[in-house]
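The values are calculated or read from the model by the stated rules, or taken from the named source; none is laboratory data. Keep in mind that this is a model prediction, so the values were computed, not measured. With ideal geometry, Cβ positions are generated from the backbone for all residues, glycine too; neighbour counts draw on all protein chains shown.
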Amino acid sequence: MRIRENLQAIQDHIQEACKKSGRQTNEITIIAVTKYVTIERAKEAIESGIIHLAENRTDGFLEKYEEIKDDAKWHFIGTLQSRKTRDVVNKVVAIHSLDRKSLAKEIEKRAEKRVDCFVQVNVSEEESKHGLAVKDVIPFIKHLENYEKIRVVGLMTMAPHTDDEDEIRRVFRKLRQLRDDVRSMNLPYAPCLYLSMGMSNDYKIAIEEGATHIRIGSRLVGQ
């Protein structure tokens, strides 16, 4: 199926989820995850009207960025190694995987301007997942107060691989509650307005629970 048709189906599902949860569709940013597809397929996504693209590995990101550059708004969604931060930080509109002080230091050192960052949270507490424990998020964000190049625009998480919709919903809801807690602190450097959560298999649930940025790969651009 062509990307344009995939996008239409996803937009229809977004509309349904927003209607169900009393939200507006313009609150949702669709991010096409292009890590498993070719540069040509990524370009097709742009031609289909998708503005936001994401990669999770530095090499894959740089390869596509060199071909596409500013025709897309780039997001980095994977674990970013500190030593590779300089290759990425000034080419993206957002980093979705800020989860440690060493990375924050590298962003502060390498960024030419303030960078929008999502703090990654391991809500489900799975050993296989990166991210901060829920209890460590607010202390970590407070630690970032003097980092002039970092703006914490939101939180990010990944749901567990399960068919248990209630468990998926619980994870997303917990992230939303944590986001609300951070936002209520009224920190100028951490407005924490957004929630990056929901992928191909669970983005409708994520939207119902408050997602603002959904990261979709196979359902949108294919394998």
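A few comments on the model shown:
Per-residue answers, yes or no, for (1) under 17 Å from the mean Cα position of the chain (by Cα); (2) of a type in the set (D, E, K, R):
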residue: Phe118; (1), (2): yes, no
residue: Ala133; (1), (2): no, no
residue: Ile138; (1), (2): no, no
residue: Lys142; (1), (2): no, yes
residue: Met156; (1), (2): yes, no
residue: Asp164; (1), (2): no, yes
residue: Arg170; (1), (2): no, yes
residue: Glu209; (1), (2): yes, yes
residue: Ile214; (1), (2): yes, no
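- Lys84 vs. criteria over 18 Å from the mean Cα position of the chain (by Cα) and among the basic types (Lys, Arg): yes
- Residues that are surrounded by fewer than 15 Cβ atoms within 10 Å (Cβ to Cβ), of a type in the set (Lys, Arg) and either closer than 19 Å to Glu66 by Cα or without any contact (Cβ under 8 Å) to a residue 24 or more places away in the chain (or both), drawn from the range 78-104: Arg83, Arg86, Lys91
- Within the range 179-193, tally of residues that are under 16 Å from the mean Cα position of the chain (by Cα) and closer than 12 Å to Val121 by Cβ: 2
- Taking the criterion of being within 19 Å of Gln8 (Cβ to Cβ), of a type in the set (D, E, K, R) and either crowded, with 16+ Cβ neighbours inside 10 Å or under 17 Å from the mean Cα position of the chain (by Cα) (or both), the only residue of the range 44-66 that qualifies is Glu44.
- From the list Phe172, Phe140, the lone residue that is in contact (Cβ under 8 Å) with a residue 24 or more places away in the chain, within 22 Å of Ala32 (Cα to Cα), assigned to a helix (DSSP H, G or I) and of a type outside the set (Lys, Arg) is Phe172.
- Of the numbered criteria (1) surrounded by fewer than 17 Cβ atoms within 10 Å (Cβ to Cβ); (2) among the small types (Gly, Ala, Ser); (3) part of a strand (DSSP E or B), the one Ser128 fails is (3).
- Considering the range 194-204, and only residues there that are part of a loop (DSSP other than H, G, I, E, B) and either hydroxyl-bearing (Ser, Thr, Tyr) or more than 13 Å from the chain's Cα centre (by Cα) (or both), the residue that is surrounded by the most Cβ atoms within 10 Å (Cβ to Cβ) turns out to be Asp202.
- Put simply, of Ala211, Ala206 the only residue that is aliphatic (A, V, I, L, M), touching a Phe, Trp or Tyr at 6+ places or on another chain (Cβ under 6 Å), farther than 30 Å from Arg83 by Cα and modelled with pLDDT of 95 or more is Ala206.
- Inter-residue pairs, beta-carbon under 8 Å, first within 17 Å of Arg215 (Cβ to Cβ) and in the range 41-67, second of a type in the set (Gly, Ala, Ser) and surrounded by fewer than 18 Cβ atoms within 10 Å (Cβ to Cβ), 6+ apart: Arg41/Gly222
- Hey, Val153 among the β-branched types (Val, Ile, Thr), part of a strand (DSSP E or B) and closer than 13 Å to Leu98 by Cα or not: yes
- Neighbours by Cβ (under 8 Å, 6+ apart or cross-chain): first from the range 182-193, over 9 Å from Glu145 (Cβ atoms); second among the basic types (Lys, Arg) and surrounded by 12 or more Cβ atoms within 10 Å (Cβ to Cβ): Pro191/Arg151; Pro191/Arg183; Cys192/Arg179; Cys192/Arg183; Leu193/Arg183
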